[in-house]
1. Quick check on B:Leu36: is it within 19 Å of the chain's Cα centre (by Cα) and either surrounded by 22 or more Cβ atoms within 10 Å (Cβ to Cβ) or closer than 30 Å to B:Gly99 by Cα (or both)?
2. Scanning segment B:357-388 for residues that are of a type in the set (A, V, I, L, M, F, W, C) and crowded, with 24+ Cβ neighbours inside 10 Å, which turns out farthest from B:Met308 (Cα to Cα)?
3. For residues that are hydroxyl-bearing (Ser, Thr, Tyr) and without any contact (Cβ under 8 Å) to a residue 60 or more places away in the chain, tally how many sit in segment B:132-174.
4. Please find, within segment B:188-207, the residue that is farthest from B:Ala434 (Cα to Cα) out of those that are within 21 Å of the chain's Cα centre (by Cα) and within 14 Å of chain A (Cβ to nearest Cβ).
5. Please work out which one of (1) buried (at least 18 other Cβ atoms within 10 Å of the Cβ); (2) hydrophobic (A, V, I, L, M, F, W, C); (3) away from every other protein chain (no Cβ under 14 Å) is the condition B:Phe172 fails and give its number.
6. Residues in segment B:162-182: is at least one on the phi > 0 side of the Ramachandran plot and in the same structural domain as B:Gly213 (by TED's automatic domain parsing)?
7. Give segment B:389-421 a look and list any residue that's within 14 Å of another protein chain (Cβ to nearest Cβ) and either more than 30 Å from B:Lys342 (Cα to Cα) or among the polar types (S, T, N, Q) (or both), or say none.
8. For segment A:293-305, give me each residue that is crowded, with 24+ Cβ neighbours inside 10 Å and either part of a loop (DSSP other than H, G, I, E, B) or not assigned by TED's automatic domain parsing to the domain that holds A:Ser64 (or both).
Number of protein chains: 2
Amino acid sequence: MKTKSLFLIPLFLLSADVVSAQTPNHTSDSLFIKKLFSTSLTAGKSYDWLSHLTLKIGHRISGSYGAAKAVEWGEATLKNLTLDRVWLQDVMVPKWIRGTPEIAYISSGDSQTNSVPILALGGSVATPPNGLKSRVVEVKSFDDLAKIGKDSIQGKIVFYNRPMDPNVIETFKAYGGAVDQRVQGAAEAAKYGALGVIVRSMSHKLDDYPHTGTMRYGDLPRNQWIPAAAISTNGAEMLSAMLKLDPKTTFFFKQTSRNDGEVLSHNVIGEIKGSQFPDEIIVVGGHLDSWDVGDGAHDDGAGIVQSMEVLRLFKTMGYRPKRTIRVVLFMNEENGLRGGNKYAEVAKQKGEKHIFGLESDAGGFTPRGFSFDANDAQMQTFLSWRVHFEPYLTNHFTKGGGGADIGPLKNAENVMAGLRPDSQRYFDIHHTAADVFSAVNKRELELGAAAMAGLIYLVDQYGVEK
Amino acid sequence: MKTKSLFLIPLFLLSADVVSAQTPNHTSDSLFIKKLFSTSLTAGKSYDWLSHLTLKIGHRISGSYGAAKAVEWGEATLKNLTLDRVWLQDVMVPKWIRGTPEIAYISSGDSQTNSVPILALGGSVATPPNGLKSRVVEVKSFDDLAKIGKDSIQGKIVFYNRPMDPNVIETFKAYGGAVDQRVQGAAEAAKYGALGVIVRSMSHKLDDYPHTGTMRYGDLPRNQWIPAAAISTNGAEMLSAMLKLDPKTTFFFKQTSRNDGEVLSHNVIGEIKGSQFPDEIIVVGGHLDSWDVGDGAHDDGAGIVQSMEVLRLFKTMGYRPKRTIRVVLFMNEENGLRGGNKYAEVAKQKGEKHIFGLESDAGGFTPRGFSFDANDAQMQTFLSWRVHFEPYLTNHFTKGGGGADIGPLKNAENVMAGLRPDSQRYFDIHHTAADVFSAVNKRELELGAAAMAGLIYLVDQYGVEK
């Protein structure tokens, strides 16, 4: 009887707000979410997809052959899901090329020479063709540069050696507290006449992997750009120790990296049209590009396949969403965010209404919960949904950022959210040659995909308050 | 003034119950626990210790050279901490010997022969000297044996192939739902005249590692004992597929494992005497023995070094406990539990009062919380302490078992608890050659040690209600 009476409601009342206000059916929601987890864990596709993306395509920095192959694969794979629509969105991306393998060594006194592993930072210029050799000034911060002063820095290599703070439990926060050295270190040091910059890798772990990542010269004139590279944490420890033994210790490095203009690339987009509110768009995504070392398995192959899996789970389970669900495989998160910016720009041009975005770009580890860029009222609703995620230990819901790619979509009314996996191992491999398929655990990946699908389902069912 | 007035309380009132009822000081407790985490993460010893135990000593099954070395190392390392007392407790342990490497292959038709990786199960007898070759009966349960019947099983090899349930989120529960095949499988199959038993490895992961583990013949007469081995999950899938193609498929395996009586070994015990209630004992521990493959890094090297670290953190931070804190490195959890039983037996003989036990034997992964074998009133108190563990995302407190080694200490009044780390990766490596040092993440291990120290600290401060 109740079901029938629904048909008596005048059509104009069937707006999003009515639906938002509908009483949640906790039992059926919980059952549906249970089925999502079960399907992901027993008949999921995310792990197989990740295997292809990492082992058969491999790394895929913007503008590379790998990135082009990844776009092709993403489009073909989404088309296989028989979504309502799959398309490519043009986006111009910067093309940065690492060049030949870097060389670096530390020289102390006359005889001591130690090779150390480095990687040019993304966006960095080359050293002079024969490399750069100079004395070294070790600093922990930009303030140190000011204290030491131009006279002592001029003509030397600045070595940033402030580690990520091990006391900070959530490692992304520790990363945020150290990454200024990598991003702005060269631009800052150049102001003091430094010839080059070496940055301690962003990692808690002491090992021999250098961690690359983006850097920017900001508004520094082109003729003042200096080369910048990351040194492994073991290398940083050694360099620091040798400087203490002998302040005249020199550092040599050679890299042939260069910026090669812009090239055409693409965001890959697929959608299931909403049955009731097709104009309300829910986006789920990650970024398809990766750094040019390792295979971009956790960063962000995991986020890509989890996002695709959300739509596949809905299709497989015969779930027809009320709202339009879009998966976006964003291009160029790592060194430009052009994909995220372009997607938001086009959405604005078209007057599209994005009510919710969810990004997975924090690794494919065991999901702990979600962070929400949301107002207090919206947050209350999300907190009331935690009960559905308790059985999966994925109920740590916090206020916080959604993700870089979906950031440009944020407005005063909508919500951007991010999957929050366990973060302890992430920076051991982030932006390194060790970010490979075998570092991803199948169940952890699948649990994340299911949790994302569960959250998207609830947003689809109940909408987002303003 | 308040402090002074304490001295006016008649001594006989200074019982545990008075202390239990004292008002918790949330601020100072939180600060102390924060310091525990900080010390563990920045100046911890657990990871270095684990490196020694796994890489320099290696695996250490009861009665082996490795086990003897581990006892020596445990005693020496605890003595270095200048605890109030360190001692060895004699315990007789079964000595089971794997013998020469196992051989196994599947034959189908005349020509198809595939080698598959197996490991004899701990406690299993050998095959005949030239191995055992026979047709195979695949089953999923002991009920299947009854259905198939003696006539069809007699003279064959029973192949238990019920996988761990991937739908169960906490993998220990899935393990509990499948491990009867490994533990009782041989004894059950022998009743139907089977010649030997092959058991699918207890793992969600499809790979080539067989997982050993304990098995028992129960009250089966000695002359009916049949050999039992674990086959890798890939091997199990292959065997099952080949049986479907050709029901006459045979399995060959050869193992020379044997039970070699009992030998003397030891629990290693260290304690800090309580300053106010020395007769109330709090135990923290793990098990020093491991299986004889891999290095027992997660199982249970992690638990050993975390338990030792609890006492070291207290010493380092100058914390003098009110109650007696004991670390016990239990011997023989894997194939006999003799260490746990002996410790409880001696405690009973001496009339010792153990108010609380905490075991870490679920891997060295990111800690999620604790399980408590406790009554409702006690549980309420523990739940009120969760707030202290929220900053470390280790606040998932549930009712449940403490641990195998401390189990025999449980009585109507005390509480046994277990550290509960993330469980998704544990059974990928459990009891295999892949349970090695590099599978343990330093921060995850250190977070677990700190969480354990935090819980022990609170129990020391406030006691345990009855």
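The values are calculated or read from the model by the stated rules, or taken from the named source; none is laboratory data. If you're wondering where the values come from, they're calculated on a predicted model, not measured in any experiment. Please note: Cβ atoms are built from the backbone with ideal geometry, for glycine as well, and neighbour counts cover all protein chains shown.
1. Against the criterion (within 19 Å of the chain's Cα centre (by Cα) and either surrounded by 22 or more Cβ atoms within 10 Å (Cβ to Cβ) or closer than 30 Å to B:Gly99 by Cα (or both)), B:Leu36 does not qualify.
2. Within segment B:357-388, the match that is farthest from B:Met308 (Cα to Cα) is B:Phe372.
3. 3
4. Residue satisfying both the conditions and the ranking: B:His204.
5. Only one criterion in (1) buried (at least 18 other Cβ atoms within 10 Å of the Cβ); (2) hydrophobic (A, V, I, L, M, F, W, C); (3) away from every other protein chain (no Cβ under 14 Å) is unmet by B:Phe172, namely (3).
6. No: zero hits.
7. Passing the criteria: B:Phe389, B:Glu390, B:Pro391, B:Tyr392, B:Leu393, B:Thr394, B:Asn395, B:His396, B:Thr398.
8. Selection gives A:Gly294, A:Asp295, A:Gly296.
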